[in-house]
Amino acid sequence: MQSAPIIGLGRHRLSVDGKGVTTLVAFHGCTLHCHYCLNSSCLMPGGVWREVTTEELLEEVRIDNLYFVATGGGITFGGGEPCLRSLFIEEFAGMMPQEWNITIETCLNVERQHVERLLPIVSQWIIDVKDMNREIYKAYTGKSNKRTIDNLRWLLRHEGMAERIILRLPHIPEYNTNENVKQSRRLLKDMGIKTFDEFDYIVKAPS
C-alpha cells in the first residue's frame, strides 16, 4: 500500500480547486523553488504534517461523499507537486467511489512517466506555467520550463484534453510584466489552451 507525506488537508472547498465541493490534499515535496512559494512548508524537511496511506486518506475524506456526489466534486491533489505522488494517486483512485472526480494542481515540471500514469484518472488539470519566457521562469523557479511545456504539449495531443485544463497565468511582481503575461497567453492559445485563470500575486512587504 502506498503512503505519502502531506502538509495539509482542507475540506469543503467550493469551486476554488476544481468543480463542486472538493477536499484539497496537499503533498510535501516539489521540483521547483519559487521565490513567492505559497506553501513553502512543502520544501522544508520539518514541513510534513503527517504521513498517510491511501486507505487512511480514503477513510478520512469519505465523510464528504454526499457533497462530492451531489456537486460533481471530489479530491483535489496539490502541494507541493502532486504529480510526484502519481503512484499514490493511482492507487487511491482505484479505491475511491467511481462518482468522485480527481483534480490535479500542478506545475507539470516532472518526468513524463508521472503524467502518463495520471492521464486516465484525472478529470481536471489546473496547471500553473508561471511564465512561458524561459529566462523569467528560471529566474523565478530556479529550473528550466522545458519539461513543463513538453508535458503540456503531450497532454494537449489527447482528445478532449483542452476542455479539461485550466491554465493559471500569474502576474509575478519583479519577475514578469503585463506584456509578458499577454505573450504567454498568446503562445498558450496557439497551443490549444481555452481556459485561463489570470491573477496577481499579492506580495507582503517585509516587516
**Item:** Qualifying residues in the stretch 133-177 (those that are assigned to a loop (DSSP other than H, G, I, E, B) and of a type in the set (D, E, K, R)) - the one surrounded by the fewest Cβ atoms within 10 Å (Cβ to Cβ)
**Value:** E159
**Asked** Any idea which residue in the stretch 178-202 is surrounded by the most Cβ atoms within 10 Å (Cβ to Cβ), counting only those that are of a type in the set (S, T, N, Q) and in contact (Cβ under 8 Å) with a residue 24 or more places away in the chain?
**Response** S184
**Message:** For a quick check of your reading of the model, give me the residue pairs whose first member lies in the stretch 1-23 and is in contact (Cβ under 8 Å) with a residue 40 or more places away in the chain and within 13 Å of P82 (Cβ to Cβ), whose second is open to solvent by 30 Å² or more (accessible area, probe 1.4 Å) and among the small types (G, A, S), with beta-carbon atoms closer than 8 Å and at least 6 apart or on different chains.
**Reply:** I7/S41; G18/S123
**Asked** Residues in the stretch 6-14: is at least one surrounded by 17 or more Cβ atoms within 10 Å (Cβ to Cβ), assigned to a strand (DSSP E or B), of a type outside the set (S, T, N, Q) and in contact with a His (Cβ under 6 Å, 6 or more places away or on another chain)?
**Response** yes
**Prompt:** Name the residues in the stretch 79-104 that are surrounded by 23 or more Cβ atoms within 10 Å (Cβ to Cβ), in contact with a Ser or Thr (Cβ under 9 Å, 6 or more places away or on another chain) and charged (D, E, K, R), would you?
**Reply:** E81
**Asked** Which pairs do you get when a residue that is within 20 Å of E116 (Cβ to Cβ), found in the stretch 86-106, comes within reach of a residue that is open to solvent by less than 10 Å² (accessible area, probe 1.4 Å) and among the polar types (S, T, N, Q), reach meaning Cβ atoms under 7 angstrom, with the pair 6+ apart or on two chains?
**Response** F88/T54; E91/T54; F92/T54; T103/T22; T103/T76; E105/T76
**Prompt:** In the stretch 40-72, which residues are crowded, with 22+ Cβ neighbours inside 10 Å and at pLDDT below 95?
**Reply:** C42
**Request:** Would you mind stating whether I127 is over 16 Å from C37 (Cβ atoms) and in a strand (DSSP E or B)?
**Result:** yes
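The values are calculated or read from the model by the stated rules, or taken from the named source; none is laboratory data. In this text, all values refer to a predicted model and were calculated from it rather than measured experimentally. Methodologically, a virtual Cβ is constructed for each residue, glycine included, from the backbone with ideal geometry; neighbour enumeration extends over all protein chains shown. Keep in mind that these areas ignore ligands, DNA and RNA; they rest on the heavy atoms of the full protein, side chains included. Shrake-Rupley method; radii C 1.70, N 1.55, O 1.52, S 1.80 Å.
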